[in-house]
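**Student:** This is the structure, below, for whatever I ask next.
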Amino acid sequence: MNKTASRSTLFLLEMIFVIFFFALTATVYVRLFASASSTASASRDLTESVIAAQNLAELFYAADGDGDTLRTYLKDQQMSLADTDDDNTIIVTYTDAWEAAQSADDVSYTAHMVLHTDGALRCADLTIRDGDRDIYTLTLKHYPVRGKGGQP
Amino acid sequence: MKKRLSYRLHAGTASILLVFLTLCLISFAVLTRVNANADLRLSTKYADRTKSYYDAVGEAERFIAETDAVLLTLHEESANEEEYFEKVRAHFGDLTMRASYEIGAFQSLNVTLRADYDTRFLVDDYQVVTDESAFSYDEEPLNLPR
């Protein structure tokens, strides 16, 4: 009887030690996994933002920096545009999976394109946002006359 | 007589399992973290490269705009092609105007414009050029099966 009791006590003590040590180390690897998850998420957001920004930048150049032509191109590409009060601002909305948002509830990311001119150059300040947080910013400049002899 | 089988956890088994489990989890957590950091570094590099490219494009567009503004004046002051070319040569030193904008350590955006009487100028060259001298290639051919 004494032998059994002593074995149970030893087992219990070992289990207490194991659980305590596991709890202690669990905090370390849970923190590591959590930080890796947030880093991976930031990395994914940045990559997708750059792809979205590149896509919009190339459409801006294809449209010769013209806002109306750019809107037409964006609609042709079935991208969703949010309503804006300013004619010089184009807002493209994306879902969590970086696809065109079909409704306002689906919107997770937005691309804000502010069109303006700098002398003869047509410019756009492009910002990809996650809510209020800016993820990626590009400044685009385009000179619409390409040796066509037209007036800038 | 049937012998009764008993499964008893021996002293120390739980500790060994704990050590093994801890090592496994720590290894996976560290690998995940390292991989995520490497991904973020690559994404940042890609983002920086893209930004550099569009900055270079912006500078190139400004160069074209500024050159065209000068060419427009020269064109308006010229009565014929010869006079226009002469004025362009006097102003730029040549009929072609070149500019190069760095994108990164090994790449640049090269722009070459050529004076043209009908259209004021033509874009001869607008391309990203990689500096091959910065790279070295292994001279040994790959030993592939035929």
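**Student:** Could you give the nm distance between label points at residue B:143 and residue A:102, where each point is 7 Å from its Cα heading toward the beta carbon?
**Tutor:** 5.8 nm
**Student:** Between residue A:24 and residue B:16, what is the label-point separation in nm under the 7 Å Cα-to-beta-carbon projection?
**Tutor:** Result for the modelled spin labels: 2.2 nm.
**Student:** Just to confirm the number: angle between the C-alpha axis of helix A:2-62 and the first principal axis of chain A, 0 to 90 degrees, nearest 10?
**Tutor:** 0 degrees
**Student:** Karplus couplings for the stretch B:35-50 from phi (6.51 cos²θ - 1.76 cosθ + 1.60, θ = phi - 60°), rounded to Hz, Gly and Pro as x?
**Tutor:** Couplings: 4, 5, 5, 5, 4, 5, 4, 5, 4, 5, 4, 4, 5, 5, 5, 5 Hz.
**Student:** Can I ask one more? Enter the accessible area per residue of chain B (Å², integer; probe 1.4 Å; all protein chains in place). Spell out each step's value before the answer.
**Tutor:** Numbers: 10420 Å² over 146 residues.
Solvent-accessible surface per residue comes out at 71 Å².
**Student:** Rounded to a whole number, what % of the accessible area of the protein assembly as shown do carbon and sulfur atoms account for, probe 1.4 Å?
**Tutor:** C and S atoms contribute 55 percent here.
**Student:** Per residue in the stretch A:44-60, which ones lose no less than 40 Å² of accessible surface when going from chain alone to all protein chains (1.4 Å probe)?
**Tutor:** Correct list: A:46, A:50, A:54.
**Student:** Can you show me the helix-derived [θ] at 222 nm for chain A, built from DSSP H runs with n ≥ 4 at -39,500 (n - 2.57) apiece and divided by the number of residues, rounded to the nearest 500.
**Tutor:** -17000 deg cm²/dmol
**Student:** Across chain A, how large is the tail of the calculated P(r) beyond 26 Å, expressed as a percent of all Cα pairs?
**Tutor:** Counting every Cα pair in chain A, those more than 26 Å apart make up 48 percent.
**Student:** Next question, about the same structure. Can you compute the FRET efficiency between residue A:62 and residue B:38 using 1/(1 + (r/R0)^6), with r the Cβ-Cβ distance and R0 = 25 Å? Round to the nearest 0.05.
**Tutor:** So the FRET efficiency works out to roughly 0.15.
**Student:** Sort out for me the Cα centre separation of the stretch A:82-138 from the stretch B:95-146, rounded to whole Å.
**Tutor:** Spelled out, the Cα-based centre of one part sits 33 Å from the other.
**Student:** Can you list residues from other chains, or at least 5 along the same chain, whose modelled amide H is less than 5 Å from the amide H of residue B:103?
**Tutor:** B:108, B:109
**Student:** Find the sum over both chains of the accessible area lost when B and A are paired, probe 1.4 Å, and report it in Å² to the nearest 100.
**Tutor:** So the buried area, both faces added, is about 3700 Å².
**Student:** Computed over the Cα atoms, what is the radius of gyration of the protein assembly as shown divided by 2.2 N^0.38 Å, N being its residue count?
**Tutor:** Normalised Rg, Cα atoms only: 1.67.
**Student:** Not counting ligands, DNA or RNA, and with a 1.4 Å probe, what is residue B:26's accessible surface area in Å² rounded to the nearest 10?
**Tutor:** Per-residue accessible area (residue B:26): approximately 50 Å².
The values are calculated or read from the model by the stated rules, or taken from the named source; none is laboratory data. None of these values were measured; they are calculated from a predicted model. Every residue, glycine among them, receives a Cβ derived from its backbone with ideal geometry; neighbour counts consider all protein chains shown. Calculation scope for accessible area: heavy atoms of the full protein, side chains included, ligands and nucleic acids excluded. Shrake-Rupley method; radii C 1.70, N 1.55, O 1.52, S 1.80 Å.
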